[in-house]
Each structure stands twice: as structure tokens, then as C-alpha cells.
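Beneath this line is the structure, given in C-alpha cells, with notes to follow.
Each value in this text was obtained by applying a stated rule to the coordinates, not by laboratory testing. What you see is a predicted model; the values in this text were computed from it and never measured.
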Amino acid sequence: MMRIRCSSSSSGGHGGHQLILCWLVIACSWVAVARAQAQKPAGATTDPVEVAALNTILGRWGTKPPKTWNITGGDPCTGTAVDDTDIDNNPIVNPGIKCDCTFNNNTVCRIVKLRVYALNVVGQIPAELEKLTHLANLNLMQNYLTGPVPSFFGKFPMQYLSLAINPLSGPLPKELGNLTNLISLGISLNNFTGNLPEELGNLTKLEQMYIDSSGFSGPFPSTISKLKKLKILWISDNDFTGKIPDFIGSLTNLEDLRLQGNSFQGPIPASFSKLTKLTSLRIGDIVNGSSSLAFISNLTSLNVLILRNCKISDNLGAVNFTKLSRLNLLDLSFNNITGEVPQSILNLNSLRYLFLGNNSLTGSLPDVKSSSLNNLYAKMIFSIAMIYSFHTFVILGFLQRFFVQPTHGKLSFMGYQ
């Protein structure tokens with residue numbers, strides 16, 4: 001073992017600084033040693049059942065541990081599996097695992113985390129995965145995994161589950177509702193079928209739910225109303241039906257909500273006005289029902305607001321836009337919004353992107369625009385008799401300068417041609 005000796009014999013004022021630095025090095029060294037010992041107690045070995053299961057899983061998927069894993073003696077719970085390496089943000093340790101070596105009085109290591117990320121893995125989820133009984137974090141994202149999600153997943157003490165961007169299929173097993181410690185569920189961009197299991201309402205510790213573009217259909221389960229800790233809810237691009245759930249307005253910890261691309265019916269519930277922590281709200285493609293804009297006045301934390309094709313029949317004057325001072329992107333296009341564009345929208349100093357096209361807006365744009373509004377795109381129908389009656393004007397923004405440009409075309413269904 002390397003020995004470090006600190007001496008105060010150095011002359012001058014620099015000696016004291018060198019001595020302090022030396023003792024800091026020693027202290028850090030001892031902390032590192034103590035941490036390593038705590039993570040991998042002397043004599044601790046990995047459960048042989050889990051070793052065999054891990055080898056089979058990686059073998060079936062045609063992958064193997066990288067050299068940077070630093071496996072010693074054939075025991076996978078060594079090297080980066082037990083040190084401080086963050087395998088989530090270290091591309092050279094992939095596949096990778098993390099172990100907990102405190103079982104059976106610090107003599108047995110268990111695999112608690114498995115990451116096989118974007119390795120073009122092909123095939124189904126192996127049955128041997130069930131042998132990793134203490135798995136709390138599983139990331140199989142962005143591969144070519146097929147077949148169903150096994151029901152045995154419901155047995156794990158899982159906190160983080162990511163199966164996104166795979167062609168997994170079949171119904172999502174209701175047993176996932178047993179994962180009552182789950183904090184994050186990511187199953188976006190898969191080919192599931194059927195309804196979202198109502199048993200997911202048991203996941204009361206859940207903070208993140210990513211289920212967009214996953215193939216689900218039918219009503220959105222009312223049991224989700226029990227997930228009061230939810231901060232992120234992405235359910236876009238499925239085929240959920242029925243009215244937009246009013247209970248979503250009771251999930252008051254939500255910060256990011258995305259509902260576009262379903263078969264939801266309007267109106268947008270007034271209860272959404274309670275979601276005051278939202279920084280991003282995206283709703284679109286509502287089937288029917290007339291909605292109001294009034295609910296957004298309370299959402300003063302919003303950076304992104306997209307209400308595109310939402311059957312909104314309202315006037316922009318219904319909203320006090322001065323309260324939405326953090327808005328960076330505002331998209332209210334493809335609705336039936338009437339009236340003039342209020343000065344308060346263009347005074348928003350954070351606003352950079354504004355989409356108001358395909359509405360029934362009238363009048364002219366206010367003269368004063370905020371200095372940061374550098375990309376204004378709007379296709380608006382103006383009724384300005386003194387200039388070009390019944391012509392379409394395209395508002396173009398370049399380098400914070402704005403022009404009204406006549407298209408000199410007759411009105412078409414889209415408002416221009």
C-alpha cells in the first residue's frame with residue numbers, strides 16, 4: 001500500500017498550505033478506502049444463482065460485460081458493479097450492473113440494477129431474469145426486444161423500470177401494479193395492445209409515467225387519480241377514449257403533462273386550473289366538445305403551452321397573459337379563437353415561439369413586440385378593408401424584426417393557397 005507522509009519542515013508561508021493539502025489527500029484516501037470496503041465487504045461473493053442467470057441473460061442477447069467493468073475472479077459484483085461509477089452516464093460500462101453486498105451479514109452480494117441500453121439486443125425478455133429477485137432498477141431501453149412483458153416483473157422490489165423504445169407487444173401485465181415502490185415507469189414507443197391496467201393506480205410512489213406512443217386504447221383508468229406524487233405524465237399518441245379525465249386536475253404535483261394524439265373528447269376540464277406547478281402542458285387533437293382558455297390564467301409557471309386542435313372557441317382576451325411571464329412557446333393553432341391578438345402576448349419577454357395559425361383572428365398585430373420574440377409564425381385571416389380585404393397575411397419574424405406580407409391568394413379551406 002502506498003504511504004503518504006506529511007511534513008511541516010517546508011520553509012516559508014507555503015509550507016503550511018502544503019501540509020494542509022497533504023492531510024486533505026490522506027483524508028480523501030481514507031474516505032475512498034472506507035467507502036470501497038463498505039460497498040464490497042471482504043469475502044463477500046455474488047449469489048451463484050444470480051451469477052448463472054446473468055450469464056445466461058447476456059449470452060442470449062449476444063452481449064458480454066465490457067473490460068471496463070473490471071470483473072475479477074469471475075464474480076460480476078466487482079469493479080464498477082460495486083464502486084462509485086455512475087453506469088447510467090458512462091457509455092463504456094454497458095451492459096452494466098450494480099450490486100448490494102450487505103446480505104447475510106455482508107457475505108452475499110445481490111444484483112440490484114441491470115442496464116442494457118441501446119445495444120441492438122434482439123429477442124424476448126429471458127425467463128432467467130426472474131432469478132434476479134432483488135432487482136430495483138432495470139433499464140432495457142432502446143433495443144429490439146419483442147414479445148410480452150413477463151408477469152413476474154410484479155415480484156421485483158422495483159423503483160425504476162425503463163422498457164422504452166422496443167417493439168414489445170401484448171397487453172401490459174396487471175402484475176405491474178404490485179410494484180408499489182416504483183418511482184419511474186418508462187414504456188414509451190412500444191406496440192402494446194388493450195387497456196392500461198387499472199392496477200397501476202396502486203403505484204402511489206410513482207413520480208414519472210412515460211407511456212406515450214405505446215398502443216394503449218380505451219378509457220384512461222380512473223385509478224390513476226391515486227398517484228398524487230406524479231410530476232411527469234406523458235400519455236400522448238395512444239388511442240385513449242372518453243372525456244379528458246377531470247381527475248387529472250387533482251394531480252397537483254404535475255410539472256409536465258402531455259395528452260396529444262388520442263381520441264379524447266372535450267372540453268378541457270376547468271380543474272386543470274389547479275395544476276399550478278406545470279411548466280409544460282401539451283394537449284391536442286380533441287375529438288369534440290368546445291373548450292375555454294380561461295383555465296390557463298392560473299398556470300403561471302408554464303414555459304411551454306400547446307393547445308393545438310383542441311376545439312377552443314374563445315377570445316384571447318379571456319386570458320391574463322401578463323401572468324404567464326415565463327412562457328417560451330405558445331401554440332394555440334387550429335382552433336376557433338376569435339378577436340384580436342392582445343398586446344399582452346407580444347409583451348412577454350420570454351416568448352420566443354408563437355403559433356396562432358388557422359383560427360378566426362381579426363385585426364392587425366400590435367406594433368410593439370418583446371425583444372426576445374424572435375420566431376413568430378402565424379397564418380391569420382385579417383379583415384382589414386383599407387388594405388387587402390379577405391386576403392391572407394403571413395406574419396414572419398426574422399432577427400426580432402417583423403413584417404406583414406400579403407400572399408395575394410384567395411382564401412382556401414386552410415386560410416391560404
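Here is how the numbers come out for the structure above:
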{"item": "Global geometry of segment 208-252, whether rounded, prolate or oblate, following the gyration tensor of its Cα atoms and the 1.5 cut on a/c", "result": "oblate"}
{"item": "Where the Cα pairs of segment 262-312 fall when distances are cut into 10 Å bins, in %", "result": "27, 57, 16"}
{"item": "Alpha carbon convex hull of segment 45-337, projected area averaged over orientations, nm²", "result": "15.8"}
{"item": "P(r) of segment 303-350 over all Cα-Cα pairs, binned every 5 Å from zero, in whole percent", "result": "5, 22, 29, 29, 15, 1"}
{"item": "Debye equation applied to the C-alpha atoms of segment 174-306, log10 I(q)/I(0) at 0.21 Å⁻¹", "result": "-1.36"}
{"item": "Quarter of the Cα convex hull surface for segment 138-245, i.e. its orientation-mean projected area (nm²)", "result": "5.7"}
{"item": "For segment 105-149, the Rg and Dmax computed from alpha carbons only, in angstrom", "result": "12.5, 40"}
{"item": "Full-stretch length increase - S273, T45 - with 0.36 nm per residue and alpha-carbon distance subtracted", "result": "76.6 nm"}
